[in-house]
Amino acid sequence: MRLFHLIALVGLVACGSESVYEGELRISSEADLALLEGVDVVAGNLQITTDDLRELTLGSLTRVEGDLWIQLNPRLTTLSIPNLSSVSGGFLVSRNERLTSIGFSALRSVGGSFAISYNCRLPSNQAGSIAGEVSIGCDGVASGGNCIVTAPNMGDDGC
């Protein structure tokens, strides 16, 4: 595990006034979140999948220049990335069994597909309202594929 942290720190560079993490970043434990502390841009894919995370707030993150996947976090109840304005690739928030609240107030652009789905306790109207504010490019989605998915999210009914 120490080797992973050392490699991750090498990926962090300052670019002007922005703090940029270069490359793909996988967060698999709450301790790994320290890698994102103060990071403005992830220049690659960002995947967050962990068993121990209950709340996730990434206040400094403004861009992901790849895919953003937040999935399979069985204890996650609250998710907020308030300054995230764009995701160059796909955007996925899925299968977070206890998720009840999400916040992406600055998100305006997603280059690939957009999905907020199968979050058992998340009200569907939260997912729909976010999708309504975002320009979604659908790049890389096959012509017969589904580019925007905001259901089923079951709210209080569970999955």
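We did not get these values from a lab; they are worked out from the coordinates using the rules stated. This is a predicted model, so every value here is computed, not measured. Positions of Cβ are generated from backbone atoms using ideal geometry, with glycine treated the same way; all protein chains shown enter the neighbour counts.
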Exercise for the section: Would you please put 47-55, 85-93 in order of how densely packed they are, using the mean number of other Cβ atoms within 10 angstrom per residue and starting with the highest? Expected result: 85-93, 47-55
Handout entry: For the range 31-159: relative contact order, % (alpha-carbon pairs under 8 angstrom, 6 or more apart)
Key = 19
Completion exercise
For the range 22-159 the translational diffusion coefficient, Stokes-Einstein from a Kirkwood Rh over Cα pairs at 37 °C and viscosity 0.692 mPa s, in µm²/s, is roughly 223
Practice task
Compute the FRET efficiency between S29 and S101 as 1/(1 + (r/R0)^6), taking r as their Cβ-Cβ distance and R0 = 22 Å, and round to the nearest 0.05.
Solution key: 0.50
Practice task
Please figure out what share of the DSSP beta bridges in the range 45-159 is antiparallel and state it in percent, rounded to the nearest 5.
Solution key: 5
Handout entry: Gain on full stretching of the segment that runs from E22 to T57 - 0.36 nm per residue minus C-alpha separation
Key = 10.5 nm
